[in-house]
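What follows is a set of notes on a single structure, which appears directly below.
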Amino acid sequence: GEDVEQSLFLSVREGDSSVINCTYTDSSSTYLYWYKQEPGAGLQLLTYIFSNMDMKQDQRLTVLLNKKDKHLSLRIADTQTGDSAIYFCAEQAGGFKTIFGAGTRLFVKA
Amino acid sequence: NAGVTQTPKFQVLKTGQSMTLQCAQDMNHNSMYWYRQDPGMGLRLIYYSASEGTTDKGEVPNGYNVSRLNKREFSLRLESAAPSQTSVYFCASSSQGAKTRPQHFGDGTRLSIL
């Protein structure tokens, strides 16, 4: 069935790059999303990529998609303490549903 | 813009009590969703409503009911609360007309059942 997997934790130093990885199973997914959740809040859309693209860059964020391996990554350049949050990968599956990963908690050390 | 509004933000219930969680969106979205978020398990879909007048079960519907009151509002009801339903509940909405259908989330309802 449909599944999205992510590692649960990532720790980086302030100023370094963070790379959060995700794998998904539904090869028919059309769009893949990254959401950010800060403490006490809901998920906010960070960025998305269409399945026929390899890369998308948006300021400090770079999304890489390897469709053959069903692997998605989010790179945050020059990571700041304000980037500490939980990051969710999600695939837009068929129909009306979006499948979410369990989320990667990013810790940024000053 | 309010986006997706959930009420209440916090609630404590006793086992067996009933409660309705409210959700409203002002983005004219067709589809609405209810999720629960538990540590280490990400988001699990409880129920969704693809459009006004329809509702469907998600991954974990047992113990819950929903009502799509109109296009704006989608409520989640716990008829007889159980400790296993202690969780953070999120409502979300999305448009169905566009190719991209990112979901927009409320800030959640933190529910504890004693």
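Structure summary
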read-out: Some residue of the range B:71-91 being of a type in the set (D, E, K, R), touching an Asp or Glu at 6+ places or on another chain (Cβ under 6 Å) and either surrounded by fewer than 20 Cβ atoms within 10 Å (Cβ to Cβ) or within 8 Å of another protein chain (Cβ to nearest Cβ) (or both); value: yes
read-out: Within the range A:8-18, considering residues that are surrounded by 14 or more Cβ atoms within 10 Å (Cβ to Cβ) and under 15 Å from the mean Cα position of the chain (by Cα), the one farthest from residue B:107 (Cα to Cα); value: A:18
read-out: Set B:67, B:112: member being out of contact with any helix residue (DSSP H, G or I) (no Cβ under 6 Å at 6 or more places or on another chain) and in contact (Cβ under 8 Å) with a residue 60 or more places away in the chain; value: B:112
read-out: Filter result (touching a Phe, Trp or Tyr at 6+ places or on another chain (Cβ under 7 Å) and among the hydrophobic types (A, V, I, L, M, F, W, C)) within the range B:75-114; value: B:76, B:78, B:90, B:91, B:92, B:105, B:111
read-out: Given (1) facing chain A (nearest Cβ under 10 Å); (2) touching a Gly at 6+ places or on another chain (Cβ under 9 Å), number of the condition residue B:59 does not satisfy; value: (2)
read-out: Any chance residue B:8 is more than 11 Å from chain A (Cβ to nearest Cβ) and loosely packed, with under 15 Cβ neighbours inside 10 Å; value: yes
read-out: Close pairs from the range A:24-42: first touching a residue at least 60 places away in the same chain (Cβ under 8 Å), partner among the basic types (Lys, Arg) and surrounded by fewer than 17 Cβ atoms within 10 Å (Cβ to Cβ), Cβ under 9 Å, at least 6 apart; value: A:30/B:99; A:31/B:99
read-out: Close pairs (6 angstrom Cβ cut-off, 6 or more residues apart or separate chains): touching a residue at least 24 places away in the same chain (Cβ under 8 Å) in the range B:25-38, of a type outside the set (Lys, Arg) and assigned to a loop (DSSP other than H, G, I, E, B) anywhere; value: B:26/B:2; B:29/B:95; B:30/B:51; B:30/B:96; B:31/A:96; B:31/B:50; B:31/B:96
read-out: Criterion: touching a Phe, Trp or Tyr at 6+ places or on another chain (Cβ under 8 Å), modelled with pLDDT of 95 or more and buried (at least 20 other Cβ atoms within 10 Å of the Cβ) - qualifying residue of A:88, A:107; value: A:88
read-out: Spans of strands (runs of 3 or more DSSP E) in the range A:28-75 with at least 1 residues among the charged types (D, E, K, R), at pLDDT 90 or above and farther than 13 Å from residue A:87 by Cα; value: A:55-58
read-out: The range A:63-98: number of residues that are within 10 Å of chain B (Cβ to nearest Cβ) and within 19 Å of residue A:52 (Cβ to Cβ); value: 4
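The values are calculated or read from the model by the stated rules, or taken from the named source; none is laboratory data. Nothing here was measured: the structure is a model prediction, and the numbers come from that model. Quick reminder, even Gly has a Cβ in these numbers, built from the backbone with ideal geometry, and neighbours come from all protein chains shown.
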